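Notes follow once the structure below has been shown.
The values are calculated or read from the model by the stated rules, or taken from the named source; none is laboratory data. What you see is a predicted model; the values in this text were computed from it and never measured. Please note: Cβ atoms are built from the backbone with ideal geometry, for glycine as well, and neighbour counts cover all protein chains shown. Only protein heavy atoms, including side chains, enter the accessible area calculation; ligands, DNA and RNA are left aside. Shrake-Rupley method; radii C 1.70, N 1.55, O 1.52, S 1.80 Å.
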Amino acid sequence: MDKYYLDKNALAILNVIIICISVCIIVVIKYLLYYKLAEYNAVKLAIEIVAAGLVTIYVVWLLIILPMWYRSVCYTLSKDELRINSGVVLRKLICVKLADVQYIETLKVPIFYKASLNFLLINISGKRVVLKYLSNAHLEELYNKLIQFGKDRKSKA
Amino acid sequence: MRHQHKIVILKYVKGKFWLMLLPVLRGIFSWKYDVYYWFRNVWMDIIVILIILISAILKWYFVQFKLNEKEIYVRKGALFRRDFCIPFSVISTVCFCRPLIFRPFKAVKFCVCTDSYRSKKRKQRRRDTLVVTEIDYLQICNNMGFEKRGLATDYIASKKELLIFSTLFSSTFSGLIYLGTLIIRGEKIVGEKIKIKIFSVINMTTETMIFAKDNTASFAVAVVVIISVAWVMSFAKSFLRHMNFKIRSFEKGLEVENGHFSRWKYYVNSSKINYIDLRQNMLMKTAHIVSAHISCAGYKTVGNGQSVFIPVTTKKQAAAAMKELLPGFTQSNNLVSAKQARVWMPLTFVIGVFVGVKYLSSIFSEWRSLIVFLGVMLEVMFLYLLAVKITAKLTTGIGVSEETLSLRYCKAFRFHTVVVPKARIAYIKIQRTPFQQISGSCDVIVYTKGEGLRGHRVSGIDYKKIVFLMRN
């Protein structure tokens, strides 16, 4: 049985993206407050409370929940099946029979080659399962193993 | 690695490109060919047009594919690069389309579907379609091994069958006559009451309706004409879509061709067909004709067509065609039949509407004629439903053969005979309400594999018999 975890480089990129989005939202809110809605004190207060709430949620999510989720995700590949464990509060387990796999796709972002923004999309009957934020090496390894499994199954049949 | 046909660049630029290009070009004529003044005014538009064109060309360039004997490999995208490889053994349907616009350029639209294909996801449909040249198309057919048997079995639908099929299955047909009567009659009653309020709307409509002389009927006439036009369009679309319908059976599956302006061709892998569905409504049942549809991932859901196998024919001819074209799908007679008819719901509505009309017309005496009219229309509908449910009791049941299961049931106003290979059944559920527990019956729901799980509910089956059948 082989176990694969999410790559830490992708977490750093995700943090940067989330911080940029947060800064943009805060700037827009400040602009609204002090330039467009300067006359309406009640509305200003409501928006400031909402903004404070959003910032709190963002900080909690960024510093606590996201790293916890990141560490909780584990992909386990055995002879006949692939197991995906994830979730912080609600733990989720997905088992995929390798015999039901139709075909496999890879999704990469070449510009951020070192950021490990790689996804493996496994298409099974009526559904698609996504393995996220794999490192380049793990992506190649998983892809080759799944392809080899498909070839072995065909030759047995 | 090969690229798609260059015509696809015009598809990628989309409508906004032409909306910008045509006024820019027209500007040359309005500026009397003074290029300097023309350019000074439209330089920004030209830059935007060039950006759209360059991005379309780049999008075309970064889509590549490769064919070999066992699989097709596709690479798409520059910023988000997507690679996938589909082995031919997992393919359920291959679809080729030659739209009218593409034919002079010898381009063919091509889509490969597997059991993981989900027709409701529009992005997937657009994503997985390639536009290839004729030479690539022939090579795909060659590599995938679409060969005909020595004596190919053909089924060719006649124009008469297609006309009947399009008439019966056009989307507004059954509602058209009903709605037309409802609107014309209803408007004559209601118009006196609210005529002042909607007079301005009627005025606008009557200006365009040269034959509507009476104000009270003009609005109704306009709506009926709109609905009629919509039905005619639906009928024409369906007829042209299924024109030249032909099925050919070969070693690995079926080849289906149809279409007049846009020509469609499907190769369906027989082993991936989930089930065959023979559909009838009351009219077809009395005439002993059926329409056969198949469920296979990607078949006819690509291109927004119906999943037709045989458009319309007699029951005997349909059975004979199925035996020739799909020998693995054998119908069997009912081993277990329905114990009771599901008449309670339509009967409740029939009585409820009658009582409701009586009650409401006593309270709102001013609106009596409208209430009675609406009540009659609803009563007709529910009485028809009641007749359908009583007829369904005679035919509902489950039959079992060596390899297949035959399910006969009624859903809404339509009768279904579904033949499912046992290998394509995901699971079977038996459901009982408290009333069914007393009467000793149950609902059997058979879920088949395919694009998501599809359930076929057979109601009112004898519980003990079905349990005995499933255990053995």
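A few notes on this one:
- Between A and B, roughly 1700 Å² of accessible area is buried in total, ligands, DNA and RNA not counted and the probe set to 1.4 Å.
- Heavy-atom SASA rank of B:SER270, B:SER30 (probe 1.4 Å, accessible area, largest first): B:SER30, B:SER270
- What the phi angles of segment A:8-14 give under the Karplus curve with 6.51, -1.76 and 1.60, with θ = phi - 60°, is a coupling list of 6, 4, 5, 5, 4, 5, 4 Hz, glycine and proline written as x.
- Protein accessible area in segment B:326-399, 1.4 Å probe - carbon and sulfur %: 71
- 3J(HN,Hα) along segment B:404-414: 10, 10, 10, 10, 10, 8, 10, 10, 6, 9, 10 Hz, from the Karplus curve 6.51 cos²θ - 1.76 cosθ + 1.60 with θ = phi - 60°, whole Hz, x for Gly and Pro.
- Were the residues from B:ILE101 through B:LEU453 laid out at 0.36 nm apart, the gain over their Cα-Cα distance would be 123.0 nm.
- B:THR433 contributes about 60 Å² of solvent-accessible surface, heavy atoms of the protein only, 1.4 Å probe.
- Assigned charges on the beta-carbon of Lys, Arg, Asp, Glu; segment B:335-472 dipole about Cα centre (debye): 380
- Long-range amide H partners of A:GLU81 with built H, under 5 Å: A:LEU98
- Additional length obtainable on full extension of the chain from B:TYR73 to B:TYR37, 0.36 nm per residue less Cα span: 7.9 nm
- Shielding by partners - mean other protein chain Cβ count within 10 Å, residues of A:95-104: 3
- Taking 17 Å as the straight-line reach from the Cα of B:LYS429, the lysines in range (excluding those fewer than 8 positions away in the same chain) are B:LYS449, B:LYS464, B:LYS465.
- Between the beta carbons of B:ALA320 and B:LYS429, assuming R0 = 30 Å, the FRET efficiency works out to 0.35 to the nearest 0.05.
- Alpha-carbon centroids, segment A:93-151 and segment A:13-67: separation in whole Å: 36
- At an R0 of 22 angstrom, the distance between the Cβ atoms of A:ILE21 and A:VAL88 translates into a FRET efficiency of 0.55.
- Applying 1/(1 + (r/R0)^6) with R0 = 30 Å to the Cβ-Cβ distance of A:THR76 and B:ILE135 gives a FRET efficiency near 0.10.
- Taken one residue at a time, the phi angles of segment B:383-396 give Karplus couplings (6.51, -1.76, 1.60, θ = phi - 60°) of 5, 4, 4, 4, 4, 5, 5, 5, 5, 4, 4, 6, 10, 5 Hz. Gly and Pro are set to x.
- Protection proxy ranking of B:244-252, A:17-25, A:61-69 - average other beta-carbon atoms within 10 Å, highest first: B:244-252, A:61-69, A:17-25
- Rounded Å value of the spacing that divides the Cα centres of segment B:331-408 and segment B:62-91: 51
- Taking all protein chains together, B:TRP60, B:TRP367 sort by accessible area into B:TRP367, B:TRP60, largest first [probe 1.4 Å].
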